[in-house]
Amino acid sequence: MEFISPTVIIILGCVAVLLFLQWKNLRRPPCIRGWIPWIGAGFEFGKTPLEFIEKARIKYGPVFTVIVMGTRMTFVTEEEGINVFLKSKEVNFELAVQNPIYHTASIAKNIFLKLHEKLYITVKGKMGILNLYKFTGQLTEELQEQLQNLGAHGTTDLNKFMRHLLYPVTVNILFKKGLFPTDERKIREFHQHFQAYDEGFEYGSQLPECLLRNWSKSKKWLLALFEKNIPDIKTYKSAKDNSLTVMQAVLDLLEMEANEQKSPNYGLLLLWASLSNTVPVAFWTFAFVLSHPNIHRTIMEGISSVFGTAGKDKIKVSEDDLKKLPLIKWCILETIRLRAPGVITRKVLKPVKILNYTVPSGDLLMLSPFWLHRNPKYFPEPDLFKPERWKEANLEKHAFLDCFMAFGSGKYQCPGRWLALLEIQICIILIFYYYDCSLLDPLPKQDALPSERKWVQRSSASSASGYCRKNSA
C-alpha cells in the first residue's frame, strides 16, 4: 500500500501557501518598492512628489502603491477609488495622521486620539461660518496696521511680502494681540525658525528628529516661544470684547482634560496649520490676478465701486462688501484648485476593494487633490486659470464645486477654511485699494522657489510702467 510521507505533505503544503499568497498579492495594486530597503522609493518621491505621482499613474494605472520610509502608500486617482476614500467606513483619518502629529508636534498618539475630536469641534466652532463676522473687523484693522509700515514705494519679493504681512496678522488674531514680535531682530528670528520648520515639515513628519538637526532646532525654538507665552495668552482680554481667541479656547479645553502640559505643542500645531497654507495661497492668488490684466482690471473696478476712490481713506470691510466682490473669492478658490497640496490621506482599517485590486489593512490610502483638480472630467480646461467656473458653485450655502478636495473631505475638513478665505479676501482688497501693483517677472511654475525671485514693485511715481505706486486721493 502506497503512502505519502509527512515530509512531502509539508513541502506540498508550503508550496500551496506560497501560491495562495502570490495569488493574493496579484490582486494587490502594482507596487513601486524602490531599491533601498525600508526607504523604498522615498528619495525619488521626495524630490518631486507631484511629478512622481503622475508618472506612476500613467505607467501603472489609476491605483498603485509606493513604499516610502517603511510605509505602504496606495494612491487612488479615479472615481471608484475616490468614492472609497470619501465614503468607506474601513478607512480612518485620525489613525493616518497620528504618527506625523507625534513627529512634528511631539503630541503622544494616545493624547492626540483622546483629544482630537473635541479640539476639532472647538476650533471649528470658533472659526466657523457663524462666527466669521467677529473676525472681519479684526482682520481689516490688523492688515491696515501692517500695510502702514510698508511706505509709499519699493521693490520686494512677493512671497516675502506676504509673509511679513500675514504672519503678524494671523498670530495676533488667533493667539493674542501683541504676541507677534515688533523688534526687527526678533521678527527675523521668528521668520527664520518658522520657515525652517515649515519647509522641513514633510521630512520631519517621517524621519527621526535626530537626522534633522536644523529642523529640530527650529521646532524647539517655536515650542519654547509658546512655553514662555502661554501664561500671557491665557490671561489676555480683548480691549473690545470678552471673546476668547482661538488659542484661548484650545487652552480651556486642554485644562478641562488635564493636558495643560501639552499647551505649547498644540500652540505649535495651530501656528503651522494657520500659516503654512494661507501665505502660499495669498502669494499665488496675487500673482495669478496680476498676470491676468482683464481680471485685475475687473477687481480694481469692483473695489472702486464699493469703497470709492482708491487709497483715499481707511476703509472698513464688511460681509456685505465682500458679497459685492465675488470675483475675488472665485480667484482665491481657483488658485487653490490649481495649487492644492500634493496628497490627503486615510489609514485602511480592513481590506478594501478598488477596481480589481484589494488594498490591504495597514496601507495609507492617498488622494492627490493636485491631479484630481486637473481631471477634465471634473474641471474643463483644467490647466487654465478660470475664476468664472466658480459661478457654478453654491458658495452662498458654503458648497464648493464637485471633486474640489483642497480642504480635505468628510468629517474632518479643514476647520479654518472659511477664516483663511476671509483673511485672503480682505488682504487682496486692501492691497489693491492702497497700492497699484504689477509683476516684474512672468508667473513662476509651481515647483519654482518664489522666495528666490522678485515679483512686485511699488513706487510713488505717477506713471511708471512695471512699477506699483501707493494710491492717493
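Some points to look at:
- Count - residues of the stretch 371-390 that are closer than 28 Å to Asn92 by Cβ and open to solvent by less than 20 Å² (accessible area, probe 1.4 Å): 2
- Tally, over the stretch 65-111, of residues that are small (Gly, Ala, Ser), over 20 Å from the mean Cα position of the chain (by Cα) and closer than 27 Å to Gly34 by Cα: 2
- Residues of the stretch 247-287 satisfying the condition of being surrounded by fewer than 19 Cβ atoms within 10 Å (Cβ to Cβ) and outside any helix (DSSP H, G or I): Glu257, Ala258, Asn259, Ser276
- Looking only at the stretch 112-142, residues that are closer than 17 Å to Glu319 by Cα and under 21 Å from the mean Cα position of the chain (by Cα) come to 6 in all.
- Tally of residues being charged (D, E, K, R) and within 23 Å of the chain's Cα centre (by Cα) across the stretch 364-387: 3
- Counting only helices (runs of 4 or more DSSP H) that fall entirely inside the stretch 288-360 and contain at least 3 residues that are over 30 Å from Leu86 (Cβ atoms) and open to solvent by less than 20 Å² (accessible area, probe 1.4 Å), the qualifying elements are 293-307.
- Scanning the stretch 207-245 for residues that are of a type in the set (Gly, Ala, Ser), closer than 14 Å to Ser106 by Cα and open to solvent by 60 Å² or more (accessible area, probe 1.4 Å) turns up nothing.
- Taking the stretch 396-411 as the range and being among the hydrophobic types (A, V, I, L, M, F, W, C) and closer than 23 Å to Val91 by Cα as the test, the residues that pass are Cys403, Phe404, Met405, Ala406, Phe407.
- Residue check: Leu179 meets all listed conditions (1) in contact with a Ser or Thr (Cβ under 6 Å, 6 or more places away or on another chain); (2) modelled with pLDDT of 95 or more; (3) assigned to a loop (DSSP other than H, G, I, E, B) but one, namely (1).
Residues checked against (1) over 30 Å from Glu319 (Cα atoms); (2) modelled with pLDDT under 90; (3) not in a strand (DSSP E or B):
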| site | (1), (2), (3) |
| --- | --- |
| Arg374 | yes, no, yes |
| Glu396 | no, yes, yes |
| Pro444 | yes, yes, yes |
| Ser460 | yes, yes, yes |
| Ser463 | yes, yes, yes |
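- The set of residues in the stretch 144-155 being surrounded by fewer than 16 Cβ atoms within 10 Å (Cβ to Cβ) and of a type outside the set (D, E, K, R) consists of Gln148, Asn149, Gly151, Ala152, Gly154, Thr155.
- Residue that is in a helix (DSSP H, G or I), within 30 Å of Lys350 (Cα to Cα) and either free of Cβ contacts under 8 Å to residues at least 40 places away in the same chain or among the small types (Gly, Ala, Ser) (or both), where the choices are Ile111, Ile187, Ile101, Ile121: Ile121
- Of all residues in the stretch 113-143 being open to solvent by 50 Å² or more (accessible area, probe 1.4 Å) and hydrophobic (A, V, I, L, M, F, W, C), the one that is farthest from Ile426 (Cα to Cα): Leu113
The values are calculated or read from the model by the stated rules, or taken from the named source; none is laboratory data. Quantities reported herein were computed from a predicted structural model and do not represent experimental measurements. Cβ atoms come from the backbone with ideal geometry, glycine included; neighbour counts cover every protein chain shown. Remember, those area values only see protein heavy atoms, side chains included, never the ligands or the DNA or RNA. Shrake-Rupley method; radii C 1.70, N 1.55, O 1.52, S 1.80 Å.
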